1. Please list, in order along region 262-267, the HN-Hα scalar couplings obtained from phi with the Karplus expression 6.51 cos²θ - 1.76 cosθ + 1.60 (θ = phi - 60°), rounded to whole Hz, x for Gly and Pro.
2. Once you compute Rg and the Kirkwood Rh from C-alpha atoms, what is the Rg to Rh ratio for the chain?
3. Computed over the Cα atoms of region 38-153, what is the ratio Rg over Rh, Rh following Kirkwood?
4. At what distance in angstrom do the alpha carbon centres of region 58-107 and region 149-226 lie from each other?
5. As a test, work out the antiparallel percent of DSSP beta bridges whose residues both lie in region 2-264, rounded to the nearest 5.
6. What distance in nm separates the simple spin-label points at Thr250 and Arg196, each placed 7 Å from Cα in the Cβ direction?
7. Starting from 0.36 nm per residue, how many nanometres of slack lie between Arg179 and Ser206 once their C-alpha separation is accounted for?
8. Length gain on complete extension for the stretch His139 to Thr29, per 0.36 nm per residue less the alpha carbon to alpha carbon distance?
Amino acid sequence: MRLLIFEDYERMSRWAARYVARRIAREATVQQPFVLGLPTGSTPVGTYRHLVQLHREGRVSFRHVITFNMDEYVGLGPQHPQSYAAFMHQHLWDHVDLPPEQAHIPNGLAEDLEAECRRYEEKIKQAGGIDLFLGGLGHDGHIAFNEPGSSLRSRTRVVTLTDDTVRANARFFDNDPARVPRRALTVGVGTIMDARQVMLLVSGQSKAWALHKIVEEGVNHMWAGSALQLHPDAWILCDEAATEELKVKTVRYFKEVEQETLAELEE
Ligand code: GLP
C-alpha cells in the first residue's frame, strides 16, 4: 500500500487529476481503451473539477476511456437530482468528450436488481477489467457502498445502508435521513480488488479514524477499505487533516518515500 500525503484537499485533488490525465494520455487507444472506475461523494469533486479543466486545456481526452461507477441508489434514476448518475453528469460526464455509451453506472431503477448486478460485472469483464479504480472512504471505512461486515470477496450486489451512512448522506437530501434511499447497488470489495490499481481519496479530519483503521490496523471486514492491504497496487491519497490519527512514524515514513512521486506532478 502506498500513502501519498498532501498539504491540503486542493493539492491532493490537483495531483489526482493530473495522474489520471497522464495515465489516460499515455495508455488510452482505440484498440485498448483505458478503463476507469469512478466514485461519487464530496471527496472526488475537486479531482473532477481539475480533470474537466485539463480537458478544456486540451491535455486529456476521454474518447478512448470507458468508465464504471461504483454505486447507485436503488429507486433513483438519472433524472433524480440526488442520483449518482445525476452527480456524474454534473461533475464530469457533461463537460468532457466521454462518449455516453462508454460511461457505465448501475441502474437503480432496474426491475430485476440481481440481474442488473450480474450484467454490471459482465460488462466490466467484457471491457477487460478496470485499469484504475478511484474511490473514496466512508467514515466507517466503507468503500463504494460496502458497509462494515461486507465480505471482502463480495461482487456487485444490492446492499442495505447502515444508519451511519444514511445520516452522513442526508446532507444531499435536504438533511432529511428519511429521504435517503435505504438500499443501493454497489460493486463489491472483490470487484474493486480485481482492478489493476486502486486509488482512494481521503480528505478531512472526520476521516482520520477510518484512515488509521485501514492503514495501521489489520484486514477486517468491519473496515472494508482495509482489504486494500492485500491489493498489489493500492494507493491512498490524503490530506494532512486526514492523517491526524496516524502515528507520527507512519506519516514521516510515507512522506519521505513518496517525496519524488508527489513532486513529479506538482508545480
Ligand atoms: C458514499 C459513497 C462512497 C463514498 C462515501 C464518502 O457512501 N457511496 O463511494 O466514498 O460516501 O463520501 P464523501 O466523499 O462525501 O465523504
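Values quoted throughout were computed directly from the atomic coordinates according to the rules given, and no laboratory measurement underlies them. Computed from a predicted structure; not experimentally measured. We place every Cβ from the backbone using ideal geometry, glycine too, and count neighbours over all the protein chains shown.
1. Once θ is set to phi - 60°, the couplings for region 262-267 become 5, 4, 3, 10, 9, 6 Hz.
2. 0.94
3. A ratio of 0.95.
4. Their Cα centres are 20 Å away from one another.
5. Roughly 25 percent of the beta bridges in region 2-264 run antiparallel, per DSSP.
6. 3.0
7. 7.4 nm
8. Full-extension gain reported as 35.9 nm.
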